[in-house]
1. Taking LEU13 as the residue in question, decide whether it is touching a Leu at 6+ places or on another chain (Cβ under 6 Å) and either open to solvent by less than 10 Å² (accessible area, probe 1.4 Å) or not in a helix (DSSP H, G or I) (or both).
2. Looking at the stretch 70-91, which of its residues are closer than 30 Å to GLN3 by Cα and at pLDDT below 80?
3. How many residues, within the stretch 16-35, are over 17 Å from MET66 (Cβ atoms), assigned to a helix (DSSP H, G or I) and open to solvent by less than 50 Å² (accessible area, probe 1.4 Å)?
4. Determine the pairs where a residue that is farther than 10 Å from ASN73 by Cβ, located within the stretch 1-12, has a partner that is of a type in the set (Asp, Glu) and in a strand (DSSP E or B) with Cβ atoms under 9 Å apart, the partner being 6 or more residues away or on another chain.
5. Which members of the stretch 26-69 meet the condition of being farther than 24 Å from ALA114 by Cα and at pLDDT 95 or above?
6. I'd like to verify a number: residues in the stretch 36-58 that are touching a residue at least 60 places away in the same chain (Cβ under 8 Å), over 16 Å from LYS70 (Cβ atoms) and assigned to a helix (DSSP H, G or I), how many?
7. Filter the stretch 120-135 down to the residues that are aliphatic (A, V, I, L, M) and under 15 Å from the mean Cα position of the chain (by Cα), then identify the one that is nearest to GLU47 (Cα to Cα).
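The values are calculated or read from the model by the stated rules, or taken from the named source; none is laboratory data. Remember, predicted model here, so these are calculated numbers, not experimental data. Positions of Cβ are backbone-derived with ideal geometry, glycine not excepted, and every protein chain shown enters the neighbour counts. Note: areas computed on protein heavy atoms with side chains; ligands, DNA, RNA excluded. Shrake-Rupley method; radii C 1.70, N 1.55, O 1.52, S 1.80 Å.
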Amino acid sequence: MPQKPRKLGEIVLRRKPESVSQAREMVRDLLGADHPAYEQVRLAVSEITTNAVEHSESGPVGDLVMVVLKVVNDFVYVEVTDPGSASRKPHIQECAPLDAEGGRGLFIVDEISAGKWGVRDFGAGGRTVWCAIPATPPNAAEPPTAAPVLPAAQPG
């Protein structure tokens with residue numbers, strides 16, 4: 001039976017590069033560095049928050065980014081909400097140049113979440129990029145239960 005989601009915490013940040021390190025600190029404060037999924041969750045938060053800072057635009061919802069951590073069943077959910085962008089949608093780049101400094105963030109998120117990630121688009125209200133990371137290492141004795149699929153935003 002699916003568990004009710006348990007919110008670990010959230011942080012609201014300005015859309016500035018230094019906000020990424022603040023988001024990583026939140027992961028350490030909420031999960032603790034000894035949590036089995038700490039490194040994967042920290043990496044996912046870093047990559048998704050970096051994308052929010054670099055690729056979203058100021059809009060009616062302002063210039064803020066909200067990072068939320070939840071536990072659902074045997075998964076830690078990362079949700080990063082930003083103002084969105086009319087011209088750019090989150091996607092995995094097919095082939096980032098080997099010498100490029102960026103372009104691999106969602107590929108990394110896709111790998112560490114085993115494809116359990118997505119985007120909820122709220123139009124002018126922004127968007128949320130989320131992923132579900134197993135709360136225990138993949139080599140643990142029991143595999144995690146199936147990650148529930150979060151509903152997509154309905155056009156309003």
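1. When the stated conditions are applied, LEU13 does not pass them.
2. Of everything in the stretch 70-91, those that are closer than 30 Å to GLN3 by Cα and at pLDDT below 80 turn out to be PRO90, HIS91.
3. Adding up the residues that qualify gives 1.
4. Listed by first residue and then by second, the contacts come to GLU10/GLU79.
5. ASP29
6. Taking the stretch 36-58 as the starting set, the residues that turn out to be touching a residue at least 60 places away in the same chain (Cβ under 8 Å) are 36-37, 40-41, 43-44, 47-48, 51-52, 56.
When the remaining residues are screened for being over 16 Å from LYS70 (Cβ atoms), the result is 36, 43, 47, 51-52, 56.
Applying the additional criterion that residues be assigned to a helix (DSSP H, G or I) yields 43, 47, 51-52.
Total satisfying the criteria: 4.
7. As a first pass, look at the stretch 120-135 and keep what is aliphatic (A, V, I, L, M): 124, 129, 132-133, 135.
From what is left, the residues that are under 15 Å from the mean Cα position of the chain (by Cα) are 129, 132-133, 135.
Working: VAL129: 11, ALA132: 14, ILE133: 14, ALA135: 18 Å.
Per the stated criteria, the residue is VAL129.
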